[in-house]
1. For the condition among the small types (Gly, Ala, Ser) and either surrounded by fewer than 18 Cβ atoms within 10 Å (Cβ to Cβ) or in contact with a His (Cβ under 8 Å, 6 or more places away or on another chain) (or both), what is the one hit in Gly59, Gly51?
2. Looking at the range 341-356 only, could you name the residues that are farther than 26 Å from Val124 by Cβ and either in contact with a Gly (Cβ under 6 Å, 6 or more places away or on another chain) or crowded, with 20+ Cβ neighbours inside 10 Å (or both)?
3. Please determine whether any residue of the range 249-264 is assigned to a helix (DSSP H, G or I), of a type in the set (Val, Ile, Thr) and within 21 Å of Gln384 (Cβ to Cβ).
4. Lys278: in contact with an Asp or Glu (Cβ under 7 Å, 6 or more places away or on another chain), under 25 Å from Ser20 (Cα atoms) and charged (D, E, K, R), yes or no?
5. Against the definition (modelled with pLDDT of 90 or more, in a helix (DSSP H, G or I) and small (Gly, Ala, Ser)), how does Ala163 come out, yes or no?
6. Taking Gly294 as meeting all but one of (1) without any contact (Cβ under 8 Å) to a residue 24 or more places away in the chain; (2) assigned to a loop (DSSP other than H, G, I, E, B), write down the number of the exception.
7. So in the range 292-340, with the set limited to residues that are surrounded by fewer than 22 Cβ atoms within 10 Å (Cβ to Cβ) and small (Gly, Ala, Ser), which one is modelled with the lowest pLDDT?
8. Among the residues of the range 107-126, is there at least one that is under 25 Å from Phe365 (Cβ atoms) and surrounded by fewer than 23 Cβ atoms within 10 Å (Cβ to Cβ)?
Amino acid sequence: MSKPIQHHEQYSPKKSSLVSLLSFALAFVDALILYTISSFIETTLGTQYIGAAYFIAFGIHLILLLNLQGTIRKIGKIRYLLLCLGLAAAAVGILPSISDGLKGVALAVAFLAFSNTAWVALDVILEGYSKDQLSGRIRGLHLTIVSIGFLLTPYLATRILDAHGYAAVFLIVFIGYATILLMATVLFRFDNHTEQPKIRLWSALQEVSGNTDLRSIFIVSLALEFFYTIMVIYMPIHLQHLGFAWTEIGIIFTIMLLPFVFLQYPIGLLADKRYGEKELLALCLLITTAAMVGVATYSEKHLLAWGAILFMTRVGIAGIEVLRDSYFYKQIDGDDIHIIAFFRMARPVASMAGAVIAVITLSFFQLPALFIAVIVGLFLALFQVFRLKDTESEYDIANKASVTPV
C-alpha cells in the first residue's frame with residue numbers, strides 16, 4: 001500500500017464506547033422505519049417502481065460520499081454527523097403532515113439519503129478511535145451493540161403502524177432523531193476533528209483492482225449490500241402479499257434479527273484469535289445461500305417457518321458483515337483513507353444496482369425472482385472468497401513464534 005498520507009489514530013475505548021452508544025440509539029430509532037418505509041413508498045409508486053425511489057436515494061447518498069472528505073475538512077467530523085442527522089430529522093418530521101403522493105416519496109428519499117450518510121459519519125468517527133490489531137473485536141462488539149438496537153423495535157414499529165398508521169411512525173422517528181442530535185452534540189462537543197486528507201478515488205480504484213484480496217473482499221461487500229437492499233425493501237412487501245399482518249411481520253423480523261445480537265462478537269473474536277476470516281466467510285456465505293433458496297421457494301403463510309428461514313439467512317449474514325469488516329481493515333494501513341472511502345461506496349453502488357435490477361426483474365417476473373438474483377450474487381461472492389489470502393490469527397502467530405529453528 002502506498003503511504004503518502006499521515007493518519008493520526010487515537011485509540012480510545014471510552015470514545016469508541018460513546019460512538020457505539022450513539023449507534024445503538026440510532027439503530028433503535030431507524031428500526032422503527034427501516035422495514036416500513038418501503039411500504040409507504042409502495043402506496044404511491046406501486047411494487048414495480050419502488051426501486052426507482054431507492055435508486056435516487058442512494059444516488060444522493062453516493063454523491064454525499066464522493067464529497068465526504070472535502071466536507072469534513074471544512075466543517076469537521078462531528079458537525080458533518082450533526083448536519084446529516086438534522087437533515088434526516090427535518091425530512092421525516094415533515095412526513096406526518098403529508099399522507100402520500102410524490103411529495104411524501106421525495107421526503108422519504110431525502111430521509112433515506114441523509115440517514116444512511118449519518119451511519120457513514122459514525123463509522124468515520126469510530127475509525128478514528130479504533131486500533132487495527134483489534135479490528136475483529138472492536139467491529140464485532142460495535143455491530144453487536146447496533147444489532148441490539150435494531151432488534152428491539154421492529155415489533156413495536158409494526159404495532160404502531162397497525163394502530164395509528166405511518167404518520168405516528170414518522171413522528172416518533174422525528175423525536176428520536178432530534179434526541180440523538182442532542183446526544184451527539186453533548187457527547188462529542190470537544191471532538192470536531194477536521195484533518196482529513198484529500199481522497200484520490202482514481203488511485204483507490206487502481207489499488208483495489210490491482211490487489212486480489214482487496215478486490216475480492218470489495219465484491220463480497222457488494223454482494224452483502226445487494227442482499228440488504230433487496231431484503232429490506234421487498235421482504236416486508238412479500239410477506240404482506242402472503243397474507244401476514246404487520247404485527248405478525250414484526251414478530252418474524254424480531255426472530256430474524258437475533259443472530260446479529262448473539263453471533264457477531266463471537267465470530268469476530270474467533271477470526272482474531274483462532275481461524276482467520278476466509279474459512280468462516282465461506283461457511284457463512286453457504287449458510288445464507290441455502291437459506292435464501294427457502295426464501296425464494298417457500299410460499300406458505302406460516303409464521304414460525306418464515307421466522308426460521310429468515311433467522312438462518314441472518315446467521316450467515318451476521319458473520320459475513322463482521323468478517324468483511326475485520327478482513328478489510330487488516331488489509332490496509334491507517335494511511336489508506338482513500339481505500340477506506342472507496343470501500344464505503346459498496347453500499348450505495350450495490351443499492352443503486354439492486355434498485356435497477358428490481359425494477360427490470362419485476363417488469364417480467366414475480367417478487368420471488370428477486371430472491372433468486374440475491375442467490376446468484378451470493379454465489380459470485382463465494383467464488384471471490386476462495387481467492388482471498390487468509391489472515392494470520394493470534395493462534396497462528398503464536399505457533400510460528402514457538403517453533404524452534406533447526
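1. Values: Gly51 fails: either surrounded by fewer than 18 Cβ atoms within 10 Å (Cβ to Cβ) or in contact with a His (Cβ under 8 Å, 6 or more places away or on another chain) (or both).
Answer to the selection: Gly59.
2. Matches in the range 341-356: none.
3. Keep residues of the range 249-264 that are assigned to a helix (DSSP H, G or I), which gives 249-264.
Okay, now just the ones that are also of a type in the set (Val, Ile, Thr), so 249, 251-252, 254-255, 261.
Checking which are within 21 Å of Gln384 (Cβ to Cβ) leaves us with none.
No: zero hits.
4. no
5. Numbers: modelled with pLDDT of 90 or more: no; in a helix (DSSP H, G or I): yes; small (Gly, Ala, Ser): yes.
For Ala163, the condition - modelled with pLDDT of 90 or more, in a helix (DSSP H, G or I) and small (Gly, Ala, Ser) - is not met.
6. Unmet condition: (2).
7. Among those residues, the one meeting the criterion is Gly334.
8. Scanning the range 107-126, I find no residue that is under 25 Å from Phe365 (Cβ atoms) and surrounded by fewer than 23 Cβ atoms within 10 Å (Cβ to Cβ), so the answer is no.
The values are calculated or read from the model by the stated rules, or taken from the named source; none is laboratory data. These numbers were taken from a predicted model, which means no experiment stands behind them. Every residue, glycine among them, receives a Cβ derived from its backbone with ideal geometry; neighbour counts consider all protein chains shown.
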